Structures are given as C-alpha cells and as structure tokens.
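Any read-out appearing in this document is the output of simple, stated calculations on the displayed coordinates, not a laboratory observation. Bear in mind the structure is a predicted one, so any value in this text is a computation, not a measurement. Positions of Cβ are generated from backbone atoms using ideal geometry, with glycine treated the same way; all protein chains shown enter the neighbour counts.
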Amino acid sequence: MIGFFRRKKPQDGPDAVQTRPSTEELAAAFPRAPGEPLPADAIPASTPVADEAVPEADAPRNDAGPLPEPAAAAPGAEEPEPVDAAPAAPAGKSGWRDRLRRTSAALGLAGLFTRNPRLDDDLLDEIETALLTADVGVPATTAIIEDLRKRMKEREFADAQALLKALRADLIALIAPVARPLVIDASRKPFVVLTIGVNGVGKTTTIGKLARRFKQDGHSLMLAAGDTFRAAAVAQLQTWGERNGVPVVAQGQDADPASVAFDALQSARSRGFDVLIADTAGRLHTQTGLMSELGKIRRVLGKIDDTAPHEVLMVIDGTTGQNALSQLRQFHAAVGVTGLVVTKLDGTAKGGVVFALAREFGIPIRYAGIGERLEDLRVFDAEAFVDALLPEALGAG
Ligand SMILES: Nc1nc2c(ncn2[C@@H]2O[C@H](COP(=O)(O)OP(=O)(O)O)[C@@H](O)[C@H]2O)c(=O)[nH]1
Ligand SMILES: [Mg+2]
C-alpha cells in the first residue's frame with residue numbers, strides 16, 4: 001500500500017484511525033521536499049539512546065509527521081533565512097506601534113475618535129464591532145463592553161475620550177496578568193525549553209531569535225533539532241545555530257524526536273550548558289498520535305532530569321485568529337503548556353486573539369514575534385501591546 005499509512009490506536013476508541021498522507025502528498029503540501037544536505041559541522045549524536053532509557057521510542061517515525069494546516073502553513077514556511085532586507089522594528093513602544101498597524105487598523109479606533117463621537121450606545125456598538133473584527137473574541141469583548149456600558153450609565157465618563165481611556169485600562173487589565181516573562185532558573189542546568197506548535201507557526205524562527213537573546217543575556221546554550229520529519233527542518237535549525245554561534249544536536253531526518261531530545265539533554269548536561277532549546281515538528285492539534293508523541297518527548301527528557309522540561313513553550317501564529325484557542329486547548333491537554341509565544345503580530349488584523357488567549361487560559365505570554373528578523377522578538381509587554389493598537393495620543397498619555 002503506497003497511498004496511506006493507517007494505524008489504529010487502541011486508546012483512541014474503536015473509530016479512531018490515524019490517517020497518514022503519502023510521501024507524494026506531503027511533498028506536494030510542503031513546497032521544499034526533504035533531502036537538503038545537512039551542513040558538515042552538525043554535531044552528531046554522541047551516544048545512541050538505549051532502549052530501556054526510551055521505552056516508548058518504538059513507534060515508527062512514519063507514523064508521526066506534520067500535516068499542513070491551511071491557516072498556519074504559509075508558503076515559504078520552510079525558508080531557513082530571515083528576510084534581512086526588511087529592517088528590524090524600532091526599539092521600545094514605537095517598534096510595537098510600527099509593527100502592529102494591521103490589528104490597529106482593524107480596531108479602527110483612531111479614526112473613530114478623531115471624529116469626536118458622542119458618548120452613547122452607538123459608540124459602544126462601534127467599539128464592540130472593532131474588538132470582534134480584531135478577533136478579541138466574544139467573551140472578552142462582551143466583558144469589556146458590559147463594563148464600559150455600566151460605567152457610562154453611571155456617568156463616570158465626561159466624554160468619549162474618557163471612555164477610550166477606560167477601554168485602554170480594561171484591555172491592559174485583561175492581558176497584564178499573562179505578561180510574565182520567561183525567567184531562566186539558574187539552578188536548573190541545563191534549563192530545558194521544549195518548543196511546540198502547529199506547522200509553520202514560527203517555532204524554528206523563534207528558537208533562532210531566542211538563541212540570540214539568551215546568548216546576549218550571557219547564557220550558554222544548545223539547540224536540539226527535534227523536527228526530524230524533514231531534512232530541511234534540521235538544516236534550518238542548524239542555520240540559526242550558525243548565525244548565533246550556538247551548537248545544534250541533530251540526528252538527521254527520520255530520527256526519533258524523543259531520542260534527539262534525550263541525546264541533546266545528555267550532551268548539554270555533560271558539557272555544562274545553561275539552556276537547551278528543543279525544536280519539534282509541527283503537528284495538528286487534532287492528530288492524536290502526533291500529540292501523544294509530545295508526551296513521549298516530555299517523558300524522555302524527564303528520565304534525565306525529572307524537572308525537565310522547565311518550559312513548554314507553545315508558539316502560536318497570531319494570524320490564525322480564534323483557531324488559536326482550540327490549538328492551545330489541545331496542546332495544553334497533551335503536554336501541559338507553561339508559556340506562549342504569539343508570532344506574526346506584525347502581519348495580521350487578528351492580533352486581538354491575544355486578549356482571547358489571555359482571558360480563556362491565563363497561560364503566560366512570554367514573547368511576541370513582530371517580524372522575521374532575529375531582533376523581532378519582544379518580551380510581551382501588555383502596555384506596549386495595547387498602546388500600539390489604540391490612537392497614539394491616548395497611548396502617550
Ligand atoms: N512576519 C513574521 N513572520 C514570521 C514571524 N515568525 C516566524 N515567521 C515566518 O514564518 C514562517 C514559518 O516559520 P518557521 O520558524 O519555519 O515555522 P515552524 O514550522 O513553526 O518552525 C517563516 O517564513 C518565518 O520567517 C514573525 O513574528 N513575523
Ligand atoms: Mg520548524
């Protein structure tokens with residue numbers, strides 16, 4: 001049978017069947033087919049992982065691979081190079097504002113308030129529509145609008161500008177609790193970051209950005225090429241490693257990702273690195289077999305250090321809108337997410353999903369991706385984010 005590889009998983013119940021696409025279908029789905037040669041300086045696997053150390057590492061690799069998700073797998077998702085032609089975002093709040101234009105435009109509040117609107121229910125309706133358009137989601141939008149309506153009825157606002165100030169405060173209050181930066185615990189050596197998410201969301205790019213950041217902060221670090229589904233994915237991580245002068249542990253394409261993670265942690269520990277960041281293949285949150293593979297990676301890391309991974313960092317593509325919620329729900333159930341990175345906030349009108357994520361899960365948002373360059377990863381800052389979405393005059397005040 002060349003076409004489909006099917007496997008029935010007993011725990012999935014009688015009707016659950018894993019359907020795998022053929023190599024040809026995958027090649028068509030991923031514009032750059034596997035097969036790119038690995039750089040010669042890849043650090044080889046030092047020791048093969050003993051069977052007893054990885055008892056779960058028995059599933060054939062063919063059974064676990066990413067499928068593209070229409071909303072997330074953007075063309076060019078496999079480019080190892082960032083777009084160096086585009087300048088990095090300016091530092092500070094202006095960088096956020098510069099990059100979040102589309103979401104800001106979707107909110108459309110700047111235009112609304114320059115028209116000097118009347119303080120009435122129509123104004124609230126307009127704000128409600130703007131929040132929904134930017135994908136803030138119904139529950140978070142309703143909570144904000146009801147709060148503003150109540151306070152308007154109580155005559156708390158002198159004018160529309162005062163209401164906008166209250167909106168700003170409400171938006172910040174919604175996300176401030178999740179703006180908790182990632183702190184590398186120096187007593188965990190190495191501090192292990194497991195990076196997960198759907199295909200094409202920006203995991204590998206984010207790892208490259210993080211490597212730069214951690215190095216600048218004085219941490220020594222190592223990367224693990226745990227996306228073994230495509231040779232190109234291994235090469236992409238190695239390119240980021242080279243750019244940052246950071247070693248990459250790889251076993252090449254088709255290696256068991258749990259084995260790569262195990263090997264990398266052993267190596268990072270024996271060489272005394274401060275941080276290990278492990279990449280993984282993208283997977284759909286609906287693919288039960290692939291989701292359980294993440295649990296396996298987690299367990300295998302725990303065999304070397306029972307506190308590892310110290311951060312399960314889920315990367316979410318900000319352009320996916322409300323779909324991000326079901327992705328996070330499933331990944332969290334499978335592997336326990338401890339932190340989020342929301343990427344591509346520079347290219348979306350749907351950046352409001354950050355508010356929905358914050359309200360529904362309360363999981364810390366560690367970083368925001370606001371561009372493709374190494375510098376374009378910001379520690380998530382609730383005020384800077386909200387002010388980038390609202391009229392400038394208000395943000396400055
Ligand atoms: N505009 C923009 N593009 C990004 C950002 N983060 C990643 N990308 C792009 O998203 C695409 C997929 O990234 P990649 O790291 O390969 O995704 P992965 O499949 O999750 O590892 C690449 O073209 C990246 O340059 C971001 O914050 N902004
Ligand atoms: Mg990747």
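Using unit Cβ charges (K, R positive; D, E negative) and no other charged atoms, how large, in debye to the nearest 20, is the dipole of the range 105-196 about its Cα centre?
520 debye
What trypsin sites (Lys or Arg not before Pro) does the range 229-303 have in DSSP loop regions with at most 13 other beta carbons within 10 Å?
Within the range 229-303, the qualifying trypsin sites (Lys or Arg not before Pro) (loop, at most 13 other Cβ atoms within 10 Å) are Arg271.
Over the range 251-373, what is the mean sequence separation of C-alpha contacts under 8 Å (at least six apart), divided by residue count, expressed as relative contact order in percent?
Once divided by the residue count of the range 251-373, the mean separation gives 22 percent.
How large is ³J(HN,Hα), in whole Hz, for each residue of the range 363-369 in order, when computed from phi with the Karplus curve 6.51 cos²θ - 1.76 cosθ + 1.60 and θ = phi - 60°, using x for Gly and Pro?
Those phi angles translate into 7, x, 9, 7, 9, 10, x Hz.
Rounded if a/c is under 1.5, else prolate if a/b beats b/c, else oblate: with a ≥ b ≥ c from the C-alpha gyration tensor eigenvalues square-rooted, which is the range 171-241?
Taking the square roots of the gyration eigenvalues as a ≥ b ≥ c, the range 171-241 is oblate.
Figure the gain on full extension for Gln322 and Leu119 (residue separation times 0.36 nm, minus the Cα-Cα span) and round it to one decimal in nm.
Once the chain is fully extended between Gln322 and Leu119, it gains 70.1 nm.
Between Ala179 and residues 5 or more places away or on another chain, which pairs have amide H atoms under 5 Å apart, with H built 1.01 Å from N, and which residues are they?
Placed amide hydrogens put Ile365 under 5 Å from Ala179.
Taking amide H positions as placed in the peptide plane 1.01 Å from N, state which residues far from Val192 in sequence (5 or more) or on other chains have amide H under 5 Å from it.
Those lying under 5 Å, H to H, from Val192 are Leu276, His310, Glu311.
Which ³J(HN,Hα) values in Hz, rounded to whole numbers, follow from the phi angles of the range 210-217 under the Karplus curve 6.51 cos²θ - 1.76 cosθ + 1.60, where θ = phi - 60° and Gly and Pro get x?
Listing the rounded values in order: 5, 4, 4, 4, 4, 5, 4, 7 Hz.
Measure off 7 Å from each Cα along the Cα-to-Cβ vector at Ala158 and Ser187, then give the distance between these two points in nanometres to one decimal.
5.2 nm
Taking H placed 1.01 Å from N in the peptide plane, check which residues at least 5 places from Gly339 or on another chain put their amide H under 5 Å from its amide H.
Val312, Met314
For a 23 Å ceiling on Cα separation, which of these pairs sit above it: Lys165/Lys209; Lys189/Lys209; Lys93/Lys350; Lys215/Lys303; Lys215/Lys350?
Violating the 23 Å Cα-Cα cut-off are Lys165/Lys209; Lys215/Lys303; Lys215/Lys350.
Across the range 302-318, in residue order, what do the Karplus-derived ³J(HN,Hα) couplings come to in whole Hz, using 6.51 cos²θ - 1.76 cosθ + 1.60 with θ = phi - 60° and x for Gly and Pro?
Couplings: x, 6, 8, 9, 5, 9, 8, x, 7, 9, 9, 9, 9, 9, 10, 7, x Hz.
Can you tell me which of 217-226, 341-350 comes out highest on packing, and rank the rest after it, using the mean Cβ neighbours within 10 Å?
So the peptides 217-226, 341-350, ranked by packing, come out 341-350, 217-226.
Farthest toward the dipole's positive end in the range 142-212, which of Ala169, Met152, Gly202, given Cβ charges of +1 (Lys, Arg) and -1 (Asp, Glu) about the Cα centre?
With unit charges placed on the Cβ atoms, the residue in question is Gly202.
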